[in-house]
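**Q** Take a look at the following structure, please.
The values are calculated or read from the model by the stated rules, or taken from the named source; none is laboratory data. Nothing here was measured: the structure is a model prediction, and the numbers come from that model. When we count neighbours, we look across all protein chains shown, and the Cβ atoms used for this are built from the backbone with ideal geometry, even at glycine.
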Amino acid sequence: MQTVKNIVLVHGAWADGSSWSKIVPLLQAKGYHVVCTQNPLSSIADDVAVTNRLINAQDGPVLLVGHSYGGAIITEAGNNPKVSGLVYVAAFAPDEGETLAGLAKPYGAAHYDCVKVLSETEFFDDLKVIDVPVLVMHGEDDQICPFPTTGARSVKLLKHGTLKSYPGFPHGMPTTHADQINADLLAFIKS
């Protein structure tokens, strides 16, 4: 991966950039320039556009990090030429022709209806075309983005994917286990 000093953090649905509040200061203390999106959550296309504007505003290569629904956003925005790496943190990573709602359906009506609100008809590029290093970080006890259909599955579709799974970690692991997530994120940046 190219030397990176810029990190763009992309939040999940029903959240905002403050959801990264435990990670941002840890990265800044190590000298990284860190910014968080404030996606409107009006559509995936709108959120990708906001993320691309933020990527384009950075001076130099960017590591793009997405949590939860933010994984779908970084899958699309990851094609930006400034992006030198991707990190999926407890995130959805839909493959070509899939929807977030389709990935959530096997896990019950309430979960499916929640995800369906934002994502029923949106389709994504194939994960296989991503040609930068990718770290997939996923808690094995994630009840929102279930590990078998997200983290474990998506890493198999990536050319340069590495999986870091965390037994017992929940969906909110960037908050509940910020020190561990930060340490693994920094190790990936340095690799």
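**Q** Can Asn52 be described as crowded, with 16+ Cβ neighbours inside 10 Å and not in a helix (DSSP H, G or I)?
**A** Working: crowded, with 16+ Cβ neighbours inside 10 Å: yes; not in a helix (DSSP H, G or I): no.
In short, no.
**Q** Check Lys82, Lys22 and return the single one that is in contact with a helix residue (DSSP H, G or I) (Cβ under 6 Å, 6 or more places away or on another chain), among the basic types (Lys, Arg), surrounded by fewer than 19 Cβ atoms within 10 Å (Cβ to Cβ) and under 24 Å from Lys128 (Cα atoms).
**A** Among Lys82, Lys22, only Lys82 is in contact with a helix residue (DSSP H, G or I) (Cβ under 6 Å, 6 or more places away or on another chain), among the basic types (Lys, Arg), surrounded by fewer than 19 Cβ atoms within 10 Å (Cβ to Cβ) and under 24 Å from Lys128 (Cα atoms).
**Q** If you don't mind, another one. Across the range 55-68, what is the number of residues that are under 18 Å from Leu135 (Cβ atoms) and in a loop (DSSP other than H, G, I, E, B)?
**A** 1
For every residue, the table says whether it meets (1) assigned to a helix (DSSP H, G or I); (2) at pLDDT below 65; (3) of a type in the set (Asp, Glu).
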site: Asp95; (1), (2), (3): no, no, yes
site: Glu98; (1), (2), (3): no, no, yes
site: Ala104; (1), (2), (3): yes, yes, no
site: Glu122; (1), (2), (3): no, yes, yes
site: Val155; (1), (2), (3): yes, no, no
site: Lys159; (1), (2), (3): no, no, no
site: His171; (1), (2), (3): no, no, no
site: Asp179; (1), (2), (3): yes, no, yes
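**Q** Does the range 138-153 hold any residues that are in contact with a helix residue (DSSP H, G or I) (Cβ under 6 Å, 6 or more places away or on another chain) and either among the charged types (D, E, K, R) or not in a loop (DSSP other than H, G, I, E, B) (or both), and which are they?
**A** His138, Gly139, Glu140, Thr149
**Q** Would you confirm whether or not the range 28-38 contains a residue that is touching a strand residue (DSSP E or B) at 6+ places or on another chain (Cβ under 9 Å), in a helix (DSSP H, G or I) and within 16 Å of Val4 (Cα to Cα)?
**A** Yes; the residues of the range 28-38 include at least one that is touching a strand residue (DSSP E or B) at 6+ places or on another chain (Cβ under 9 Å), in a helix (DSSP H, G or I) and within 16 Å of Val4 (Cα to Cα).
**Q** Test Ala110 against the criterion of being surrounded by fewer than 16 Cβ atoms within 10 Å (Cβ to Cβ), at pLDDT 85 or above and in a helix (DSSP H, G or I), and give yes or no.
**A** no
**Q** Would you confirm, using the coordinates I've provided, whether Ile73 is touching a helix residue (DSSP H, G or I) at 6+ places or on another chain (Cβ under 7 Å), in a helix (DSSP H, G or I) and not small (Gly, Ala, Ser)?
**A** Criteria met by Ile73.
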